[in-house]
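Heads up, the thing below is written out as C-alpha cells.
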Amino acid sequence: MSKRQLAMVMDLNKCIGCQTCTVACKTQWTNRNGREYMYWNNVETYPGEGYPKKWQSSGGGFDAAGDLQEGVIPDLEADYGIPWDYNYDELALGKQFKPNVEPTWGPNWDEDEGAGDFPNDNYFFYIPRICNHCSNPGCLSACPRDAIFKREQDGVVLVDLDRCQGYRYCIAGCPYKKIYFNPKISKSEKCILCFPRVEKGLPPACAQQCVGRIRFVGFLDDEDSQVHKLVHKYKVALPLRSDYGTEPNIFYVPPVASPAKFDKDGKIIEGSDRIPKEELEKLFGPDVHGVVKNLRDEMSKRKESGESELLDILISFKQQEMFRLDGNYYHHHDNSLKPVDERYLLGKNTAKFTSFKAVH
Ligand code: SF4
Ligand code: SF4
C-alpha cells in the first residue's frame, strides 16, 4: 500500500481524438532508443482492436480468487506494428513518397472506423490509455526479479531498470498491455506518470497538453481535488476493466451523450442511444448505468436551475482548476531513488534505432 495515490480522471465526453497527448508523451519520453513502437499514452477508437491489437483479450490480471492469470506477450510486428518512417530526403529528387517498411498494423490503424451502419446507428468514441498505476499491479506480481515497485509517496508504479533482466513476465501480467519491452537495452519500460514533473508540482505532459481539457490530476485522498470529487464524492468516474482485478487509479467519466439513431426512413428514434449499454458495461462495469443516469440528471438540473458543482467541474478548462499537485509535498520524501528518469533525462543509450526484429 502506498501512503497516498496520485490519480487521473479522463472525461471521455470531451476527448476529440486529436492525439496531442500521445505526441506530448512521445516527444518527451519515447521517441528513440528502442522505444519507437512504445506509446505510453495512446488514444484508441472504441470499438476497435486497440493498441496493441486485441489487448483486452490478451490475459494477465487476477481472477476473482486473486490469482494471477496467464497472459500473452503481444507480437511486435503483428500486434504493435513495426514503426516506419518516410523517404522525406528523396522527395526533392522526384521520388515517390513511401514508407520504409510495408506496414501491416500500427497505432490508430482502425481510427474512427467504429461500428454500426452509417448513418442510422454507427458510433465510436475515443479512449486515451496510459498505465493505470494500479493498486494491485499485475506487472509487479508477475515479475520474478522484484524489479517493479510502487512508490510509497504517490503510488506511481515504476520499473527499476537495474534489476530488470528483460524476462517480460510483466508484459504478460499486465491486462492493459501498458508495459513494453525495449529491445535495444533488453529491459521493460512503461509510463512513469511524469514523476519528475509531478515532483515539481507540474502535471504529466499528456494532461498539460490536452486540447480537450479532459484530464484531471490530483491525489485521491485530497478532498479538494477534482479527482477526489469525481471518483469519491460524485462517483461518476470509473476504472477501465476493473474486472481484471488490478485496481486501476486512472478513472473515466463514461460517454453519455451520443446522438439518437435514425430509423430506416431517416427519422430520429426518440430516446435511443447509439452507444450500446452492454459495451459501456463491458468497459466500466455495471455501475456505469447509474453513472450515465446521474450525469444526465445533473445535466438537466443544470439546464433548469443553472446550478451544479459536478457540471462546473466537468466543464472546467483552466489548468489551475483541473490539476491539484503540491510540489512541496514531495520535499518531505526521499525522492533519491530515480531508476528511470536519469536514463531518460541524461539521454543515455542514444544509438540510432535502425532495425527491428520480432522479440518472440
Ligand atoms: S496498468 Fe499494467 S503496467 Fe500499469 S500498473 Fe497496472 S498492471 Fe502494471
Ligand atoms: S489531447 Fe486530450 S482531447 Fe486530444 S486525444 Fe488526448 S485526451 Fe483526447
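The values are calculated or read from the model by the stated rules, or taken from the named source; none is laboratory data. Keep in mind it's a predicted model, so treat the numbers as computed, not measured. Backbone-built Cβ (ideal geometry, glycine too); neighbour counts: all protein chains shown.
Which residue pairs have Cβ atoms under 7 Å apart, sit 6 or more places apart or on different chains, and have a first residue in region 188-212 that is in contact (Cβ under 8 Å) with a residue 24 or more places away in the chain and more than 18 Å from Asn31 (Cβ to Cβ) and a second that is β-branched (Val, Ile, Thr) and away from ligand 1 (no atom under 16 Å from the Cβ)?
Matching pairs, first to second residue: Pro203/Val217; Ala207/Val217; Cys210/Thr20; Val211/Ile16; Val211/Thr20; Gly212/Ile16.
Would you call Glu102 in a loop (DSSP other than H, G, I, E, B) and over 30 Å from Asp273 (Cα atoms)?
yes
What are the residue pairs meeting all of these: first residue in region 251-266, first residue closer than 17 Å to Val292 by Cβ, second residue surrounded by fewer than 16 Cβ atoms within 10 Å (Cβ to Cβ) and of a type outside the set (Ser, Thr, Tyr), Cβ atoms under 7 Å, and 6 or more apart or on different chains?
Here the result reads Val256/Arg296; Ala260/Ile268; Ala260/Ile269; Ala260/Glu270; Lys261/Asn120; Lys261/Ile269, each pair linking region 251-266 to a residue that is surrounded by fewer than 16 Cβ atoms within 10 Å (Cβ to Cβ) and of a type outside the set (Ser, Thr, Tyr).
Search region 156-176 for residues being of a type in the set (Phe, Trp, Tyr) and surrounded by fewer than 24 Cβ atoms within 10 Å (Cβ to Cβ), and hand back the single one that is nearest to the chain's Cα centre (by Cα).
Tyr169
Any idea how many residues of region 312-326 are aromatic (Phe, Trp, Tyr) and crowded, with 18+ Cβ neighbours inside 10 Å?
Number of matching residues: 1.
In region 140-154, what residues are part of a strand (DSSP E or B) and in contact (Cβ under 8 Å) with a residue 60 or more places away in the chain?
Lys150
Among the numbered criteria (1) away from ligand 2 (no atom under 16 Å from the Cβ); (2) part of a loop (DSSP other than H, G, I, E, B); (3) closer than 22 Å to Leu140 by Cα, which one does Leu193 miss?
(1)
Say whether the condition of being in a loop (DSSP other than H, G, I, E, B), within 9 Å of ligand 1 (Cβ to nearest atom), touching a Pro at 6+ places or on another chain (Cβ under 8 Å) and under 16 Å from Asp75 (Cα atoms) is met by at least one residue in region 155-173.
For region 155-173, residues in a loop (DSSP other than H, G, I, E, B), within 9 Å of ligand 1 (Cβ to nearest atom), touching a Pro at 6+ places or on another chain (Cβ under 8 Å) and under 16 Å from Asp75 (Cα atoms): absent.
Quick one: would you say Asn132 is in contact with a Ser or Thr (Cβ under 8 Å, 6 or more places away or on another chain), modelled with pLDDT of 95 or more and within 16 Å of ligand 2 (Cβ to nearest atom)?
So Asn132 fits the description; yes.
Scanning region 20-35 for residues that are in contact with a Lys or Arg (Cβ under 9 Å, 6 or more places away or on another chain) and either assigned to a loop (DSSP other than H, G, I, E, B) or hydroxyl-bearing (Ser, Thr, Tyr) (or both), which turns out nearest to ligand 1 (Cβ to nearest atom)?
Among those that are in contact with a Lys or Arg (Cβ under 9 Å, 6 or more places away or on another chain) and either assigned to a loop (DSSP other than H, G, I, E, B) or hydroxyl-bearing (Ser, Thr, Tyr) (or both), it is Arg35.
Being small (Gly, Ala, Ser), over 30 Å from Leu295 (Cα atoms), at pLDDT below 95 and surrounded by fewer than 19 Cβ atoms within 10 Å (Cβ to Cβ), is that true of even one residue in region 34-50?
No, region 34-50 has no match at all.
Among the listed residues Phe62, Phe97, which satisfies the condition of being hydrophobic (A, V, I, L, M, F, W, C), surrounded by 13 or more Cβ atoms within 10 Å (Cβ to Cβ) and out of contact with any Lys or Arg (no Cβ under 9 Å at 6 or more places or on another chain)?
Exactly one residue qualifies, and that residue is Phe62.
What's the total number of residues in region 117-149 that are touching a Lys or Arg at 6+ places or on another chain (Cβ under 7 Å) and either more than 16 Å from ligand 1 (Cβ to nearest atom) or small (Gly, Ala, Ser) (or both)?
Of the residues in region 117-149, 4 are touching a Lys or Arg at 6+ places or on another chain (Cβ under 7 Å) and either more than 16 Å from ligand 1 (Cβ to nearest atom) or small (Gly, Ala, Ser) (or both).
Any idea which of (1) on the phi < 0 side of the Ramachandran plot; (2) away from ligand 2 (no atom under 16 Å from the Cβ); (3) under 21 Å from the mean Cα position of the chain (by Cα) is the one Arg241 doesn't satisfy?
Result: Arg241 passes all but (1).
Hey, can you tell me all the residues within region 81-94 that are surrounded by fewer than 12 Cβ atoms within 10 Å (Cβ to Cβ) and at positive phi?
The answer is Gly94, and nothing else.
What is the one condition in (1) buried (at least 20 other Cβ atoms within 10 Å of the Cβ); (2) in a helix (DSSP H, G or I) that Pro203 does not satisfy?
It fails just one condition, (2).
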